[in-house]
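Some notes on the structure that comes next.
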Amino acid sequence: MESVGRLGIIAAIVSFAGVLLCARGTFRLVQSVRARFTFGAPYRSGTIQDRLLGLLLEIVVLLVGAALAFLALGQADFQPNESTVRVGQIEARRSGWAKVQIRLVPDPLYPSSRAMEGEIAGARWALVGDFIAWDRGLKWLGLRDGHRLRYLIGANDTTGMTRADRVERALLDPLPGAAARLLSVARFIPFLKVRTESSPWFPVTDRQVMVLYAIGPGYLAEVASESGQPAGRRQTTTY
C-alpha cells in the first residue's frame, strides 16, 4: 500500500478533532443531565437539548473524518495514473496448445511488490484492470485517479469478434480489503467513477517480453522482444 498522502493527513486531522469534540460534548452533556436531576444544582431550562444537539453536530465531524480515512485507505491500493505510468514488465510464454503463461513483475511504484502469475487458454490474451476517477472539484483534498490490474483474459478466435460471455477470465491479483470495500460502495459515491479497461489483445507466441503502461483510459504495451522477432526491434500498441 502506498502512502495515503494529503488525503490521509486531512482525514487524521478531522478525525482527531472529531474525537476531541465528541469527548468534550459528551462530558458537557453528562454535566447537564447531572445538574438537571441534582436538587439545588444550578440548571437552565433547555440546556440538555442544546448540549445534545451540539454533540450530534460533533459526531458529524467525526464521521466526516472516518469517511475521508476510508477513501484514503481505499485509493492507496491503486497506482496513481494522472499521466502515463509504468506498471511493470510482462513475460508471456506458451504453456501448451493454445495456452499462455503470464508473469508480471510490478514497477517499484506499483502498490504491490508481489509478482503476478497466471495462465489462460485461447489464441490471444489481454490484461484487465480497474480504474478509478474522482471529480476534479474535489481533487484538492488529495483524491487521485488510479488503476490496479485484476484479470488475465483469453479468447479462442483472432478476429476480435468474440462475445463477452465466451471470453475466459483468470484472476491475476485479488483486491486488497480496503480497495475492495471502496469499489463495493462506489455506486453510492457520486464523485467517484469506476470502470474496467483492458490492454490490447496479444497473440500467443513461444515467448514475448513487454513493458506495460497505464495511460489513463486504458493500457499501452511496448513489446521488447518476441519469438521470431529480433530483440532490437520495438513495437508499440495502444488500446
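On the beta carbon distance between A123 and E222, with R0 = 22 Å, the FRET formula returns roughly 0.50.
Do any GluC sites (Glu not before Pro) in the stretch 68-145 lie in a DSSP loop with no more than 15 other beta carbon atoms within 10 Å, and if so, which?
Values: sites: E82, E91, E117, E119; in loops: E82.
When the GluC sites (Glu not before Pro) of the stretch 68-145 are filtered for loop state and at most 15 Cβ neighbours within 10 Å, E82 remain.
Note on the chain: the C-alpha convex hull projects to 17.1 nm² when averaged across all orientations.
Using the Cβ-Cβ distance between L63 and R195 with R0 = 25 Å, the FRET efficiency computed as 1/(1 + (r/R0)^6) comes to roughly 0.30. For the chain, the longest principal axis of the alpha carbon atoms and the long axis of helix 47-75 meet at an angle near 10°.
Taking each DSSP H run with n ≥ 4 as -39500 (n - 2.57) and averaging over every residue of the chain yields -10000 deg cm²/dmol at 222 nm. Would you please classify the overall shape of the stretch 25-128 from the alpha carbon gyration tensor, given that a ≥ b ≥ c denote the square roots of the eigenvalues, rounded means a/c under 1.5, and beyond that prolate means a/b larger than b/c while oblate covers the rest? It is prolate, given that a/c is not under 1.5 and a/b is the larger ratio.
Please give me, ordered by residue number, the chymotrypsin sites (Phe, Trp or Tyr not before Pro) of the stretch 96-131 that lie in loop per DSSP and have at most 15 other Cβ atoms within 10 Å.
On the way: sites: W97, W125, F131; in loops: W97.
Listed in order of number, the matching sites are W97.
Tell me, S225, S199, S32 in order of fewest to most beta-carbon neighbours within 10 Å?
Sorted ascending by nearby Cβ count, the order is S225, S32, S199.
Note on the stretch 5-75: Cα Rg divided by 2.2 N^0.38 Å, N the number of residues, gives 1.45. Only Cα pairs under 8 Å and 6+ residues apart enter the sum, and on that basis the relative contact order of the stretch 1-120 stands at 27 percent. The residues neighbouring R51, those whose beta-carbon lies less than 13 Å from its own, together hold a net charge of +3 under the Lys/Arg +1, Asp/Glu -1 convention.
Would you tally the net charge around G122, using a Cβ to Cβ cut-off of less than 9 Å, leaving G122 out, and scoring K and R as +1, D and E as -1? Write out the running numbers ahead of the final one.
Working: positive: K99, R124; negative: D157, E168.
Local charge sum for G122: 0.
A simple spin-label model places pseudo-atoms 7 Å from Cα toward Cβ; at K139 and L171 they are separated by 3.3 nm.
Computed from the coordinates by the stated procedures, all read-outs in this text should not be read as laboratory data. Predicted model only: the values in this text are computed from it and were never measured. Cβ coordinates were reconstructed from backbone atoms using ideal geometry, including for glycine residues, and neighbour counts include every protein chain displayed.
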